[in-house]
Amino acid sequence: MGALNGAEYVTIDELPNPRDNHRMKVSVLPLVFLIFYEVSGGPFGVEDTVKAARPLLTLMGFLVFPFIWSVPEALITAEMGTMFPENSGYVVWVSSALGPYWGFQQGWMKWLSGVIDNALYPVLFLDYLKSGIPALGGGVPRVVSTWCLTLVLTYLNYRGLAIVGWVAVLLGVFSLLPFVVMGLLSIPDLNASRWYVTNLDDVDWNLYLNTLFWNLNYWDSISTLAGEVENPKKTLPKALFYALILVVLGYFFPLLIGTGVVPLNRELWTDGYFSDIAKIVGGVWLRWWLQAAAAMSNMGMFVTEMSSDSFQLLGKAERGMLPEFFGKRSCYGTPLIGILFSASGVILLSWLSFQEIVAAENFLYCFGMILEFIAFILLRIKQPTASRPYKIPGGTVGAILMCIPPTILICVVLAFSSLKVMVISLIAVVIGLVMQPCLKFMEEKRWIKFSVSSELPDLDNEESIHTLMD
């Protein structure tokens with residue numbers, strides 16, 4: 001406690017957080033599985049890579065791609081997330097470097113790509129069950145099932161992030177166990193020569209790159225939950241490291257088993273094919289177990305993605321970027337309006353196909369990541385002495401060099417996008433560019449109530465930050 005021109009102030013560390021009275025903090029183990037489900041959730045949905053590029057390129061992709069994309073994104077998330085341990089996550093990163101206008105655009109593109117991404121999981125859920133329950137393959141039963149599933153999983157998010165975290169742990173263990181069993185049973189039938197099959201003249205590069213990119217991105221999504229994490233400055237980097245190992249192993253070994261145990265038939269390698277391989281290896285009982293695991297995995301991915309999306313809206317509202325009602329929490333401490341908005345977006349997008357959803361989500365996500373890389377480098381230049389509880393070694397030059405390979409990859413992914421996906425995505429970007437000034441106009445006219453915008457702290461003099469009190 002101190003005084004400034006007669007007014008008392010307290011440092012940020014001394015300020016009580018009223019929200020702490022009604023929420024549980026997330027510890028390391030649940031956070032690892034929350035990240036796991038933000039990024040992966042297991043090998044469900046990777047089958048199209050084999051169809052697009054055959055086994056050799058697929059296996060190489062899931063070994064090499066993490067070093068080009070996942071590792072840099074996870075490292076940036078660890079550094080920036082510990083600098084700004086609050087729920088607005090990457091929004092405040094970009095706002096600090098480029099200003100609130102671009103911070104808003106970052107939040108809009110990432111939220112929209114997250115909602116589009118979340119629309120995939122009910123689709124994958126039903127794709128794995130339709131071989132056992134054919135009625136779920138289309139028509140009214142599929143639509144009704146999608147809506148019911150969305151409502152049930154939305155309720156889980158409403159009940160609280162701590163519950164979501166431990167649900168993610170249980171679902172993660174249950175989802176990966178059948179692949180361990182399948183691996184053990186398949187050892188006598190593995191044929192290593194099948195892993196080397198490739199043909200560069202017949203690769204569907206658009207499908208291959210989009211599927212790889214979709215399965216190995218979203219490491220930064222956990223940053224929007226940083227304000228709900230127990231001791232984020234230590235917990236977040238540790239959880240990201242463990243999750244990275246879990247994600248890579250969770251993709252590579254099931255693909256190694258699947259491509260090595262059955263002769264290649266590219267047309268069969270589509271969503272849900274792992275359940276057919278399970279039947280070949282272990283019988284009907286293993287197929288049912290793997291189908292149940294796939295269903296549970298997609299539930300886990302849905303609830304973690306919705307948590308990230310809804311807490312991002314809450315964080316933006318607390319910073320005055322969105323109307324105040326977005327900051328409303330339920331009695332469980334969850335972002336009530338953010339959850340409702342995110343669930344509505346999922347329902348509206350549920351009619352799209354798997355490939356269309358992946359392509360549109362990747363396009364918007366790429367734009368957001370470009371802003372993140374720029375913000376990361378600019379903060380290294382503008383705020384070199386800022387407190388960074390976790391700092392990537394190599395200085396500013398190293399930071400720039402680390403961002404070059406993933407930036408090239410972003411350009412390649414964007415170049416392979418179809419005209420339809422590109423047009424729809426660019427329209428969504430333009431909506432965000434117009435929406436921010438419209439919201440500011442409504443704030444000035446006092447048509448909608450906004451929270452008082454939080455000033456970004458002076459990162460070079462963190463200890464001197466204080467809050468004036470009447």
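The values are calculated or read from the model by the stated rules, or taken from the named source; none is laboratory data. Here the structure is a predicted model, which means the values were calculated and not measured. Virtual Cβ from ideal backbone geometry, glycine too; neighbours counted across all protein chains shown. The accessibility values were calculated without ligands, DNA or RNA, using every heavy atom of the protein model including side chains. Shrake-Rupley method; radii C 1.70, N 1.55, O 1.52, S 1.80 Å.
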Once normalised by the length of the chain, the mean sequence separation of its alpha carbon contacts under 8 Å that are 6 or more apart gives a contact order in percent of 33
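Which whole-number value in Å³ per residue fits the convex hull of the alpha carbons of the stretch 290-403?
Details: hull volume 21.9 nm³, N = 114.
Given the Cα convex hull of the stretch 290-403, per-residue volume reads 192 Å³.
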In whole percent, the Cα-Cα distances of the stretch 38-81 spread across 5 Å bins from 0 upward as 5, 19, 21, 24, 15, 9, 5, 2
Under the Karplus relation with 6.51, -1.76 and 1.60 and θ = phi - 60°, whole-Hz ³J(HN,Hα) for the stretch 42-53, x at Gly and Pro, equal x, x, 6, x, 8, 4, 5, 5, 5, 4, 6, 9
Taking only the alpha-carbon positions of the stretch 166-221 as identical scatterers, the Debye log10 I(q)/I(0) at q = 0.17, 0.20, 0.27 Å⁻¹ comes out as -0.97, -1.02, -1.00
Rounded to the nearest 10 Å², the accessible area of Phe367 using a 1.4 Å probe with every protein chain kept is 60
Between the Cα axis of helix 205-215 and the main Cα principal axis of the chain, the angle (0 to 90°, nearest 10) is 60
Note to self: with every protein chain in place and a 1.4 Å probe, the chain gives an accessible area per residue in Å² of 41
Taking a straight Cα-to-Cα line shorter than 25 Å from Lys449, and setting aside same-chain lysines fewer than 8 residues away, one finds Lys110, Lys316, Lys328, Lys440
Counting only residues 5 or more apart in sequence or on a different chain, those whose built amide H sits under 5 Å from that of Phe450 are Glu324
Contour minus Cα-Cα span, Tyr196 to Val28, at 0.36 nm per residue, comes to 56.6 nm
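Expressed as cubic angstrom per residue, what is the convex hull volume of the alpha carbon set of the stretch 150-277? Could you put the intermediate results ahead of the total?
Details: hull volume 20.1 nm³, N = 128.
Taking the convex hull of the Cα positions in the stretch 150-277, it is 157 Å³ per residue.
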Any residue on another chain or 5+ positions along whose placed amide H is under 5 Å from the amide H of Val197 is listed here as Leu56
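Rank these residues by their accessible area, most exposed first, probe 1.4 Å: Trp102, Trp195. All intermediate terms of the calculation are to be shown ahead of the outcome.
Details: Trp102 110, Trp195 50 Å².
Of Trp102, Trp195, the descending order of accessible area is Trp102, Trp195.
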Mean Cβ-within-10 Å packing, highest first, puts peptides 206-212, 257-263, 37-43 in the order 37-43, 206-212, 257-263
Residue by residue through the stretch 246-257, the couplings from Karplus 6.51 cos²θ - 1.76 cosθ + 1.60 with θ = phi - 60°, in Hz, x for Gly and Pro, are 4, 5, 4, 5, x, 8, 5, 6, x, 5, 4, 5
If amide H atoms are modeled at 1.01 Å from N in the peptide plane, then the residues at a separation of 5 or more from Val26, or on another chain, having amide H under 5 Å from its own are Val229, Glu230
Scalar couplings 3J(HN,Hα) for the stretch 183-194 by Karplus 6.51 cos²θ - 1.76 cosθ + 1.60 (θ = phi - 60°), nearest whole Hz, x for Gly and Pro, are x, 5, 5, 8, 3, x, 9, 5, 10, 4, 5, 5
Whole-number value, in Å³ per residue, for the convex hull of the alpha carbons of the stretch 207-346 is 157
With Gly114 itself left out, Lys, Arg at +1 and Asp, Glu at -1 over residues whose Cβ is under 10 Å from its Cβ give -4
Using a 1.4 Å probe on heavy atoms of the protein chains only, the accessible area for Phe274 in Å², nearest 10, reads 0
In whole angstrom, the spacing between the Cα centers of the stretch 83-117 and the stretch 273-315 equals 28
Magnitude of the Cβ-charge dipole (Lys and Arg +1, Asp and Glu -1) of the chain about the Cα centre, nearest 20 debye, reported as 600
Counting only protein heavy atoms and leaving out ligands, DNA and RNA, the solvent-accessible surface of Tyr196 at a 1.4 Å probe, in Å² to the nearest 10, equals 150
